[in-house]
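The values are calculated or read from the model by the stated rules, or taken from the named source; none is laboratory data. Predicted, not measured: the structure shown is a model, and the values here were computed from it. Backbone-built Cβ (ideal geometry, glycine too); neighbour counts: all protein chains shown. These accessible areas exclude ligands, DNA and RNA; they are computed on the full protein's heavy atoms, side chains included. Shrake-Rupley method; radii C 1.70, N 1.55, O 1.52, S 1.80 Å.
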Amino acid sequence: MLQDLAKLLENFLTDYGYFAVFVLMFVEEAGIPLPLPNEVALMYVGYLSSQGKLDANLAGLVATLGLAGLPH
């Protein structure tokens, strides 16, 4: 089951890129529990960045915006 969730996360990040990063960060920050923590997603974002599929700086900015998207 955990492998299925990891594959789903991988496909979501690969297919939707920066939008997926924003959504994952925003949803967890909103208090909606996800089956895999954001740290796992960010590790895969780092891998995609190292492969040249995402820009690391832009991915970091999008992740930060997703985390700061809700007023506290």
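Worth a mention:
- Options Leu48, Leu54, Leu67; residue that is surrounded by fewer than 16 Cβ atoms within 10 Å (Cβ to Cβ) and hydrophobic (A, V, I, L, M, F, W, C): Leu67
- For first residues located in region 37-58 and under 12 Å from Gly17 (Cβ atoms), partners that are of a type in the set (Phe, Trp, Tyr) and lie 6+ apart or on another chain with Cβ distances below 8 Å form the pairs Leu54/Tyr18; Leu58/Tyr18.
- Candidate set: region 29-44, residues that are open to solvent by 60 Å² or more (accessible area, probe 1.4 Å) and in a helix (DSSP H, G or I); chosen: the one farthest from Leu65 (Cα to Cα): Met43
- Taken over region 13-27, the residue count meeting the criterion of being in contact with a Leu (Cβ under 9 Å, 6 or more places away or on another chain) and open to solvent by less than 60 Å² (accessible area, probe 1.4 Å) is 7.
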